[in-house]
Amino acid sequence: MSAAPAPSSWQRTLWVMALSQLITQTAFTLGLPFLPLYLQDLGVHNPETAALWAGASATLSGLGMAFMAPIWGRLADRYGRKAMVLRATFAGAVVVGAMATVQGPPALLLLRLLQGMLTGTISASNTLVADTVPERQLGSSMGLMQTAVFAGAAGGPLIGGLIADHLGYRLPFAATAALLLLSGLLVLFGSSERRTVRPHVPVSRVERRVQTRLLWVLLAPVIVVSFLDQLAGSMVGPVLPLVIADLAGPHHGNVATLTGTILGSVAVSASVGALLAGRLSARFAPGRVVAVCAGGAALFALAQAFVPSVLLLGMFRVVMGLFIGGTIPAANVILGALTPPDSRGAAFGLTASATSLGFAAGPLLGATLVHVGLRAPFLLTALLLALESGWVLWALGRSGNLEQRRSQ
């Protein structure tokens, strides 16, 4: 038996989870955006080789998350969403904190793989919130959660860049561990979960595979959007510090601070876009919101391939962030409305798996494109975002309207 939580209960949990994600994403972005520079500090002096190592580490992390996300989602449906948030947060504290002690690229790659397999705070937190808030509050709640993610990503790179430029690249990873520990304790003592006690019904391996395939079919539009969005968004990551260094010139000594400032500014604009998209998804078909946001992001990604200065690069990335920030909460509204509560863990796990596959392929693809040219990743990013927008419009035409599917 379960009862709907009192208004104060679900509101408190929503705000606690939003604050937790703010802290968590601040933590994760203290050191990870500067991996190419950290690898050079570890002895990989060639920029192209450092970009490849950074891309490979991100790929391993994404593959680990893609493999484990559906498993963690199923466990969330069975044992609770809060337990999965705590697992992801505390595991991240241990694994990312250990990155401060590595002596070379191989150890860093191993830890990045473990990070992908054991963490995944965003999908775990979104599942808990989607299962806790009233249905009419789903759009604004998903917007708030994504805003917290982007807001955390706004402060993290700037703080991490300042620390890295003045104290070295190891300290940001130790600070990450401390912040993740704080976030985990906040969730442990500050949030509550609506649990429904159900008798455990044994499910055969064949039945489980059938259920998973049905979920994949039902959520196909959201899964494709999640994959393309993350693939496009992560492609520039390993090369962005190198592009900034190239535009700034050889005599500029604060490349990490510049990179952190741009990443932080983008995250601020993306948080605004996420908040707006969450509200717009309550008024318009969320699929159309995704299509418009992806199309706008594609235009400004294309413009970045031709900028002559760091200032213009930063300006175009900020405007792009405003658009790309709106795709995720709108897609999460569709996801939460399409799936019944007892399958939301699996549904968010499947989309997290697709997101992780995009995250795995994007950085390595971007690092490989460096051999074509430093700006080549921006061109492919624009193409993928345009493809995402076209895919959603095609899906809208094929189904008549994603809003109708959402209400079924």
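Taking the residues in the stretch 1-55 that are more than 30 Å from Leu144 (Cα to Cα) and among the β-branched types (Val, Ile, Thr) as candidates, determine which candidate is modelled with the lowest pLDDT. That would be Thr49.
There is at least one residue in the stretch 6-13 that is assigned to a loop (DSSP other than H, G, I, E, B) and open to solvent by 50 Å² or more (accessible area, probe 1.4 Å).
From the set of residues in the stretch 370-390 that are crowded, with 18+ Cβ neighbours inside 10 Å and modelled with pLDDT under 85, which is farthest from Gly120 (Cα to Cα)? Only one residue tops the list, namely Leu374. Here is the figure for the stretch 117-131: residues that are within 18 Å of Ala282 (Cα to Cα) and either open to solvent by 10 Å² or more (accessible area, probe 1.4 Å) or at pLDDT 85 or above (or both) total 3. Within the stretch 185-203, can one find any residue that is part of a helix (DSSP H, G or I), open to solvent by less than 30 Å² (accessible area, probe 1.4 Å) and modelled with pLDDT of 85 or more? Checked against the condition, which is being part of a helix (DSSP H, G or I), open to solvent by less than 30 Å² (accessible area, probe 1.4 Å) and modelled with pLDDT of 85 or more, the stretch 185-203 yields at least one hit. Ala294: in contact with a Ser or Thr (Cβ under 6 Å, 6 or more places away or on another chain), crowded, with 24+ Cβ neighbours inside 10 Å and of a type in the set (A, V, I, L, M, F, W, C), yes or no? In short, yes. The sole residue among Leu37, Leu60, Leu108, Leu30 that is touching a Leu at 6+ places or on another chain (Cβ under 6 Å), buried (at least 21 other Cβ atoms within 10 Å of the Cβ) and part of a helix (DSSP H, G or I) is Leu60. Residues of the stretch 280-291 that are assigned to a helix (DSSP H, G or I), over 21 Å from Met235 (Cα atoms) and open to solvent by less than 80 Å² (accessible area, probe 1.4 Å): Leu280, Pro286, Gly287, Val289.
Checking the structure you have, find out if any residue of the stretch 80-87 is under 19 Å from Gly362 (Cβ atoms), charged (D, E, K, R) and open to solvent by 30 Å² or more (accessible area, probe 1.4 Å).
No, the stretch 80-87 contains no residue that is under 19 Å from Gly362 (Cβ atoms), charged (D, E, K, R) and open to solvent by 30 Å² or more (accessible area, probe 1.4 Å).
Considering only the stretch 290-309, how many residues are among the β-branched types (Val, Ile, Thr) and at pLDDT 90 or above? Break it down into steps so the answer makes sense when it comes.
In the first step, residues of the stretch 290-309 are kept if they are among the β-branched types (Val, Ile, Thr); the result is 290, 292, 307.
Subsequent filtering for residues that are at pLDDT 90 or above retains 292, 307.
Qualifying residue count, the stretch 290-309: 2.
Being of a type in the set (A, V, I, L, M), open to solvent by less than 10 Å² (accessible area, probe 1.4 Å) and modelled with pLDDT of 80 or more is the filter here, so list the residues in the stretch 348-364 that pass it.
Just the residues of the stretch 348-364 that are of a type in the set (A, V, I, L, M), to begin with: 350, 352, 354, 357, 360-361, 364.
So of that shortlist, the ones also open to solvent by less than 10 Å² (accessible area, probe 1.4 Å) come out as 350, 354, 360.
Ala354, Ala360, listed by residue number.
The values are calculated or read from the model by the stated rules, or taken from the named source; none is laboratory data. All figures in this text were calculated on a predicted structure; none of them were measured in a lab. Glycine gets a Cβ as well: all are built from the backbone with ideal geometry, and neighbour counts include every protein chain shown. Accessible surface areas use protein heavy atoms only, side chains included; no ligands, DNA or RNA. Shrake-Rupley method; radii C 1.70, N 1.55, O 1.52, S 1.80 Å.
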